[in-house]
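To keep things clear, I will list the structure first and then write my remarks on it.
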């Protein structure tokens with residue numbers, strides 16, 4: 001079966017900073033799969049030292065795994081919108097949209113997340129690892145193994 005990968009780069013620019021001022025968003029679309037999209041994404045991010053951050057609505061948000069005090073200081077992570085998966089027909093593609101996001105340093109509680117420039121390398125790495133996870137034929141979701 002041929003593997004298809006679609007990666008789209010979306011650029012959002014910011015006006016001031018002394019590092020890369022372009023925040024990127026990436027899209028990864030897999031070939032039809034029996035694997036569970038969310039389970040695979042959680043495993044990929046977990047192996048790279050990220051944890052799912054609870055209470056972020058509308059997307060999965062993975063932040064660097066750290067102690068409680070360090071995690072509060074980091075204030076960034078990678079938002080991953082996940083669509084697709086096996087469904088009722090048993091096979092369908094997964095689509096992932098990834099973007100590094102952060103909160104404004106001056107914000108207190110319940111801060112909005114905004115695109116984070118300067119994290120393009122880690123976002124690209126995670127997109128590549130997600131794609132690679134679906135190219136391994138032996139990997140199956142626990143639902144598909146039953």
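The values are calculated or read from the model by the stated rules, or taken from the named source; none is laboratory data. No experiment lies behind these values; they were computed from the predicted model shown. As a convention, Cβ positions derive from the backbone with ideal geometry for all residues, glycine included, and neighbour counts pool all protein chains shown.
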Per-region count, the range 81-126, residues on the phi > 0 side of the Ramachandran plot and out of contact with any helix residue (DSSP H, G or I) (no Cβ under 9 Å at 6 or more places or on another chain): 3
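Could you please find all residues in the range 62-78 being outside any strand (DSSP E or B) and either at pLDDT 65 or above or under 22 Å from residue 25 (Cα atoms) (or both)? Steps first, please.
Going residue by residue through the range 62-78, those that are outside any strand (DSSP E or B) are 65-75.
Within the range 62-78, 65, 66, 67, 74, 75 meet the criteria.
Results for (1) more than 16 Å from residue 25 (Cβ to Cβ); (2) at pLDDT below 75; (3) in a loop (DSSP other than H, G, I, E, B), shown as yes or no for each residue.
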| residue | (1), (2), (3) |
| --- | --- |
| 58 | no, yes, yes |
| 80 | no, no, no |
| 88 | yes, yes, yes |
| 100 | no, no, no |
Quick one: residue 120 ticks every box in (1) surrounded by 15 or more Cβ atoms within 10 Å (Cβ to Cβ); (2) closer than 21 Å to residue 52 by Cβ; (3) modelled with pLDDT of 75 or more bar one, so which box is it? (2)
Quick check: is even one residue across the range 43-54 on the phi < 0 side of the Ramachandran plot, modelled with pLDDT under 80 and either part of a loop (DSSP other than H, G, I, E, B) or surrounded by fewer than 19 Cβ atoms within 10 Å (Cβ to Cβ) (or both)? yes
